[in-house]
Each structure stands twice: as structure tokens, then as C-alpha cells.
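Notes follow once the structure below has been shown.
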Amino acid sequence: MLKNDLLLRTLNGETVERPPIWLMRQAGRILPQYRKVRASLDGFVALVKNPDLAAEVTIQPVDELDVDAAIIFSDILVIPECMGLHYELIEKKGPFFPTTIHTRADIEKLDSGKQAAERLDYVYQALANTSQRLDGRVPLIGFAGAPWTLMCYMIEGQGSKTFSKAKSFLYREPAASELLLDKLTETIIEYLKLKIANGAQVLQVFDSWSGVLDQKLYKKFMIPRLRQIREAITEVPVILFSKGAWFALDEIAALKPNAIGLDWNIEPSYARSIVGDHQVVQGNLDPCKLYGSVADLELSVEEMIKSFGRNHIVNLGHGVYPDTPLDHVKHFVSFVKGYRY
Ligand code: CP3
């Protein structure tokens, strides 16, 4: 039995007393407890592959920040890994793929589907451990990268401001792009199903780099795959977060996700005018607002909650930054927890 089921009630469209709150990238990054665990191991990937410690750092923000949900500590890049494309995390730089996708033949060689997803046993064990240790305190969120965001890293090999190599692949090799996106979609679906089987009670799909595309590309290549994913997941609520995809908000709403994640580029009133008042939305405080004064923060948060109205999950518009003052993050959470509609 869940002790705090506010997030689930909100996702199911029930009338609740206040909006639930959790933060994208709450596990890791900002917590000194995380850095301590992280330093005890040889690198980030070792932590991702250690189910006991992954469970520990997943629960840290629930203890320390008192958020209404836990999100499993892992990374979106485990999917390329299980398909045969190895990744590393370079300190202070970010993800790095020693081998990247150049041709259709490279894509044909990739494993996919159930066979690939079953290799991620350490993720499923981390979920099972976490769910046991959480003992129903708050719901456990599982996640996956969306096909496009994963394709970005598999072609680019690292982060990028433009992801122009990946985007130009869509124009140069549309058919091979479709094949890659299909293989990713198949794998993501199997992966999410296994996450549910191991204790994930909510799933969020992160399309972090949708904002580099335009409406035509997003509609042609990405919406159909997001639809496949959305339709395949019937067991638990699904949150779709397509960062920067304001141009596709109507298409995303038509997929009927349980919630739509929004970034700070979208005004609440604009979002409501497209998706309506009944659609649950999640977001969208600019994480930089956490660096300003606590008084200004309270004003912004209250304004945000009032403009979205009901059917809203409070979150940031993207992940919390590593050097955010921890006391401001805690204040943000407690302010929302004290709010009443
Ligand atoms: O939200 C959570 O707290 C759960 C854990 C989580 C991580 N990555 C841990 C992590 C989640 C949900 C992710 C998703 C992820 N990973 C995304 C989508 C979300 C987003 O922010 O858009 C993306 C694009 C990645 C790829 C990735 N992994 C990047 C760009 C980086 C380096 C920079 C950074 O700190 O995010 C990573 C590494 C990573 N993933 C870290 C953590 C805590 C930092 C590793 C460290 O140095 O300890």
C-alpha cells in the first residue's frame, strides 16, 4: 500500500488537495550524500550497474528533500548499451560513445527488442531493491529516453548544442533513420514493460532534444513512435516530456499521455489553451529560479500553480543543476507541500 499516493491520484485525474512535487534529476547531482556514494566507486557507470547503491541514491532525495515520488537512479543511455553501442561518462564532460552510427549497416548490426532489453538486469534489480526499501512511502518512477533523444547520442557520440549530425541523418538517410527509430522503439517498449514488472509505478519518457527539430520532422518521425510507446503501456500512468516541442503540443496531447511534461519556454496559459484544463501537465519552473531569493521563488511558484490550475504536477522545466543551493530546493518542496488549492 502506498502511504503517499498523491502523484498517482493526480495522474489518474482525481481531484487532489495540492499539486504533487518531484524534480527531474533529483537523484544525484545536488546531494552531498550522492557525491559520497559516487566517489566510493570507479565512475558513474559502475554506480548505474550496482543495484544496491542505485537504490540507495534513488531514496536519498525522498529522505532529504521530502519529494512526493522517487525516480530510479539510472541513465537513458543504457538502451544504446544493450543494443550494442557502449557508452562511457567522461568526468566533467558528459556521455561519450567510442563507436557511433554512420551507416545503415551499423544500424542493421544493432540488437533490439526483448533480447536487448533483457540484458539490463541491473536496472530491474535496482527497481526491485528500491521498491522493497521504499516500502510504499512514495511511488517509484521508471523512465526511458525517447527514440529521438537516444538516436541523437548514438549518431553524435556525445552531447551537442545542435545535434546537427543526428538531425542531418534524418534528411540524408530517412529510411535508415526509420529503421534505427523502430529498433529503438521496440527496445524501449520491452524495457519499460520489464521496469513495470520490477516495481515501476509511473513511467516518464524523456525526449530531451526534441527542441532541435521542427514540426514536420517531429510529426513525421517521432510522433508515430511516441504513439507506439504510449499505446503499448497500459499498466501504469505515462508522462511524456518532449523538451522544447511547443510546436507539437497538440500532437502530443492527442497521444493521451497521463501527463505532459512542459519546459519553461511554454507559458501555462498557452499550454492550457492547447491541451485544455483536464489534461494533467507537469513542470515547468525554470531551474535557474532556484538561485534567486526565496521570496521571489515563492512568488514564482505560487504564480505557476495558479496559472496551471488543477491537474498539475509541480516540477522544473528540465533537470535541477548541480550547483543549486540545496536549502532553496528544500524550500521549494516544502512550499509546494504546504500549498492548498
Ligand atoms: O532524474 C533522476 O534523478 C534520475 C536519474 C537520471 C540520470 N540521468 C542520472 C545521471 C535520469 C532520469 C537521467 C536521464 C538522462 N540522462 C537524460 C534525460 C533527462 C534530461 O536531463 O534531459 C539525458 C539527456 C541523459 C544523458 C546524460 N547522462 C548526460 C547529458 C549526463 C551528464 C551530465 C549530467 O550531469 O546530467 C549524464 C550523466 C548522469 N546521469 C549523471 C546523473 C546523476 C551525472 C553523473 C555524475 O557525474 O555523477
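The values are calculated or read from the model by the stated rules, or taken from the named source; none is laboratory data. Remember, predicted model here, so these are calculated numbers, not experimental data. Cβ sites come from the backbone with ideal geometry, for glycine too, and all protein chains shown count toward neighbours. With ligands, DNA and RNA removed, areas are computed over all heavy atoms of the protein, side chains included. Shrake-Rupley method; radii C 1.70, N 1.55, O 1.52, S 1.80 Å.
Taking the Cα centre of the chain as origin and assigning +1 to Lys and Arg Cβ atoms and -1 to Asp and Glu Cβ atoms, the resulting dipole is close to 300 debye.
Put simply, the chain fits an ellipsoid with semi-axes of 30, 24, 19 Å; these come from the alpha carbon gyration tensor as the roots of five times its eigenvalues, largest first.
Listed by chain and number, the lysines whose C-alpha is less than 20 Å from the C-alpha of K195, apart from same-chain residues fewer than 8 away, are K49, K114, K183. What separates the Cα centres of segment 192-263 and segment 49-117 is a distance of 18 Å. Helix 147-156 axis versus longest C-alpha principal axis of the chain: approximately 60°, rounded to the nearest ten. Distance from the alpha carbon centroid of segment 18-37 to that of segment 269-341 works out to 15 angstrom. Taking every DSSP helix (H) stretch of at least 4 residues in the chain, weighting each as -39,500 (n - 2.57) and dividing the sum by the residue count yields a mean residue ellipticity at 222 nm of -13500 deg cm²/dmol. Using R0 = 25 Å, the C-beta based FRET efficiency linking E108 and A232 works out to 0.60. Count charges around K92 for me, please; just the other residues with Cβ under 15 Å from its Cβ, Lys/Arg as +1, Asp/Glu as -1. Net charge in that neighbourhood comes out at +1. Each residue was assigned an accessible area with a 1.4 Å probe, and for F335 the value is about 50 Å².
Positive contributions from Lys and Arg (+1) and negative ones from Asp and Glu (-1), summed over other residues with Cβ under 13 Å from the Cβ of A117, come out at -1. Taking label points 7 Å from Cα along the Cα-to-Cβ direction, E91 and T15 give a separation of 5.5 nm. Size of segment 220-314 from its Cα atoms: along the principal axes, largest to smallest, the extents are 44, 24, 24 Å.
With angles folded into 0 to 90 degrees, how steeply does helix 174-197 sit against the dominant principal axis of the chain? Use alpha carbons for both and round to 10. It is inclined by approximately 50 degrees. Taking only the C-alpha atoms of segment 1-99, Rg followed by Dmax gives 16.1, 50 Å. Annotation: per residue accessible area for segment 1-66 equals 43 Å², rounded to a whole number [probe 1.4 Å, protein chains only].
Just to confirm a number: summing +1 for Lys and Arg and -1 for Asp and Glu over residues other than E17 whose beta-carbon lies under 13 angstrom from that of E17, what do you get? Value of the local net charge: +2. Applied to segment 94-99, the Karplus parametrisation 6.51 cos²θ - 1.76 cosθ + 1.60 on θ = phi - 60° returns per-residue 3J(HN,Hα) values of x, x, 8, 10, x, 10 Hz, with x for Gly and Pro. Here the accessible area of the chain is 50 percent carbon and sulfur, with a 1.4 angstrom probe and all protein chains present. Compared with the dominant principal axis of the Cα atoms in the chain, helix 294-308 is inclined by about 70°.
Averaging the sequence gap over all C-alpha pairs within less than 8 Å and six or more residues apart, then dividing by the number of residues, gives the chain a relative contact order of 22 percent. Here's the list of lysines a cross-link from K337 could span, going by alpha-carbon distance under 21 Å and ignoring same-chain residues fewer than 8 apart: K3, K289, K306. Close amide H partners of Q282, meaning residues 5 or more places away or on another chain with modelled amide H under 5 Å apart, are I260, G261, L262, I313. Derived from the Cα gyration tensor, the three semi-axes of the equivalent ellipsoid of segment 89-202 are 30, 17, 12 Å, largest first.
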